[in-house]
Amino acid sequence: MDAATTVTITGAGGQIGYALLFRIAAGDMLGPDRPVKLRLLEIPQGVRSAEGAALELQDAAFPTLAGVEVTADPAQAFAGANIALLVGARPRTAGMERSDLLAANAGIFGPQGAAIQEHAASDVRVVVVGNPANTNALIARASAPDLPDDRFTSMSRLDHNRAIGQLAATFDVGAGAVRNPIIWGNHSASQFADVAHATVSGRPVMPMLTERMAGYDTALAWLDDEFVPRVAKRGAEIIEVRGSSSVASAASAAIDHTRDWVLGRDPAAGWVSAGVVSHGEYGVPEGLVSSFPVTSDGSGYRIVEGLALDARARYRIDVSVAELVAEREAVHSLGLI
Ligand code: NAX
């Protein structure tokens, strides 16, 4: 067996935390040969719930689980962390202004970024799941200036997987037959689920849709009126049907995101989507954490460059990126970064 990897999960006493912990401990994220030590970070009110999960982890007797610690102290939680999954966040409550939401989350992700810089292992990789995920990642990144940009990512893999699920259902194939959709921009209703480069069973999606919808314009209308909004608003649909927000699918996406980032991805399996720090790719302003198509050889996520964008894609990406710019300006003007 390899040396143990230390994985810190914030918000570990919450719903996604509960689903994540058992998958990670079972070896689904880093493989069956890599032992993991779990550090569960909670606020004091959440510690009992995380402690309960820790008891159950013990009872599950996972061979890959090398230890579990529960704490409300970020310094202790991030000490020596190789992977930090930042799940705990402040949700928007009734009557809360957007600036209040950003400020409340800056109060979480700023100190956590600083604690990661100070206490985590030198190879630490950070995945932000808690919303607003992209801007929370930007804040954490800004609070850890000594760490390289490429250590900070936000999760758009759930949106990516949702796009795959919708295409698979449309063409009545398994999810494994779908490759290369892209989520661009923010993890919000403005995100753009782009199928221009996607394939189903090796065939480009656009001609297949054109045939199915009896015309290119009707295919585009279906994408604009049904597919793109359905992927973007899937979280609301889950809440309506299930009576509770996405949990197992979100945890599964966090596992996918981290596994591909750390272990690499077979190039033949195509690219995935992740929120990474922009260096100006596709005209996205430098420093924003925006979703892009990415590949991974295990050393880091790399943006897939050089893809053609038509006017429709350009417009939709610009709209979502403008929202990220506005969020960055808001946290900047509040003095939070
Ligand atoms: P829960 O409310 O069930 O759990 C959140 C947990 O975080 C709570 O136990 C709380 O005590 C803890 N927490 C709050 N502040 C903390 C802090 N400073 N340090 C440590 N722990 C802290 O929410 P859950 O359903 O688990 O969702 C967690 C987050 O994921 C939310 O922000 C949610 O919006 C976000 N999501 C992001 C998704 C994405 O695709 N990026 C999809 C799923 C999900 O909506």
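The values are calculated or read from the model by the stated rules, or taken from the named source; none is laboratory data. Since this is a predicted model, take the numbers as computed values, not measurements. For neighbour counting, all protein chains shown are included, and Cβ atoms are generated from backbone atoms with ideal geometry for every residue, glycine included.
The number of residues in the range 102-112 being within 10 Å of the ligand (Cβ to nearest atom) and surrounded by 18 or more Cβ atoms within 10 Å (Cβ to Cβ) comes to 4.
For V87, the conditions (1) within 14 Å of the ligand (Cβ to nearest atom); (2) more than 24 Å from R141 (Cβ to Cβ); (3) among the hydrophobic types (A, V, I, L, M, F, W, C) are fulfilled apart from (2).
Consider the range 40-63 and keep the residues that are in contact with a strand residue (DSSP E or B) (Cβ under 6 Å, 6 or more places away or on another chain) and under 15 Å from V7 (Cα atoms). The one that is farthest from the ligand (Cβ to nearest atom) is L57.
Here is a yes/no grid of residues against (1) more than 11 Å from the ligand (Cβ to nearest atom); (2) of a type in the set (A, V, I, L, M, F, W, C); (3) in a helix (DSSP H, G or I); (4) in contact with an Asp or Glu (Cβ under 9 Å, 6 or more places away or on another chain):
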| site | (1), (2), (3), (4) |
| --- | --- |
| A219 | yes, yes, yes, yes |
| W222 | yes, yes, yes, no |
| V228 | yes, yes, yes, yes |
| V231 | yes, yes, yes, yes |
| A236 | no, yes, yes, no |
| S244 | no, no, no, no |
| A251 | no, yes, yes, no |
| H257 | no, no, yes, no |
| V262 | yes, yes, yes, no |
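Taken together, A50, A19, A3, A12 contain a single residue that is outside any strand (DSSP E or B), among the hydrophobic types (A, V, I, L, M, F, W, C), at pLDDT 95 or above and over 18 Å from N131 (Cα atoms), which is A50.
Select, from R157, R151, the only residue that is basic (K, R) and within 12 Å of the ligand (Cβ to nearest atom).
Every option except R157 fails the conditions.
For the residues I317, I303, the requirement of being in contact with a strand residue (DSSP E or B) (Cβ under 7 Å, 6 or more places away or on another chain), without any contact (Cβ under 8 Å) to a residue 60 or more places away in the chain, hydrophobic (A, V, I, L, M, F, W, C) and at negative phi singles out I303. The residues of the range 113-142 that are surrounded by fewer than 24 Cβ atoms within 10 Å (Cβ to Cβ), within 17 Å of the chain's Cα centre (by Cα) and charged (D, E, K, R) amount to a single one, R125. I'm trying to understand the selection: among the residues of the range 1-11, which are more than 16 Å from the chain's Cα centre (by Cα) and either closer than 16 Å to L158 by Cβ or within 14 Å of the ligand (Cβ to nearest atom) (or both)? Selection gives nothing. Checked against the criterion of being under 30 Å from G11 (Cα atoms), among the β-branched types (V, I, T) and away from the ligand (no atom under 16 Å from the Cβ), the candidates V178, V195, V124, V128 yield just one match: V124.
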